[in-house]
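Worksheet for the structure shown next.
Values quoted throughout were computed directly from the atomic coordinates according to the rules given, and no laboratory measurement underlies them. Since the structure is predicted, the reported quantities are computational estimates derived from the model, not experimental observations. Every residue, glycine among them, receives a Cβ derived from its backbone with ideal geometry; neighbour counts consider all protein chains shown.
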């Protein structure tokens with residue numbers, strides 16, 4: 001049960017330049033003005049939007065990745081910031097391309113974006129010597145968790161399905177979050 005005035009959300013944050021229009025995994029542009037015929041589960045035909053993919057690779061520059069050695073530090077920084085702001089977190093996962101978390105946040109989407117923006121900034125600052133420059137893509141995905149079954153699916157997806165090399169923390173590991181520098 002969420003606290004009064006709050007909702008559980010499955011938040012996904014992407015690193016900069018990891019999923020651009022023209023991507024072979026499928027894509028949708030902002031406002032769905034351009035989109036591929038497939039998605040990551042059922043990729044579009046090879047070569048679809050190849051020109052757009054080439055253009056974006058040329059203009060976007062190198063894509064970012066979160067090195068394995070920094071994933072725990074970044075995850076604990078996000079967790080620390082959320083705890084400082086007074087929000088409960090059940091699970092976080094940090095992989096090379098993105099961060100997933102199940103967190104209790106306000107109803108107001110503008111407030112959610114501001115809070116998560118603070119977390120991104122705090123995490124970036126924690127690793128600035130090792131990973132200088134902009135790390136995060138704009139925005140994120142802030143899905144509301146609708147019911148208990150959805151809550152459980154989101155928890156286990158974040159904990160178990162982020163691939164080899166992903167760093168994961170759950171509320172059961174709360175002793176690990178008390179000192180993020182370890």
For 88, 159, 69, ascending order of other Cβ atoms within 10 Å (fewest first) is 69, 88, 159
At R0 = 25 Å the Cβ-Cβ FRET efficiency linking residue 138 and residue 173, nearest 0.05, sits at 0.25
Within region 112-153, the residues whose backbone N lies under 16 Å from a label point placed 7 Å from the Cα of residue 69 along the Cα-to-Cβ direction are 127-132
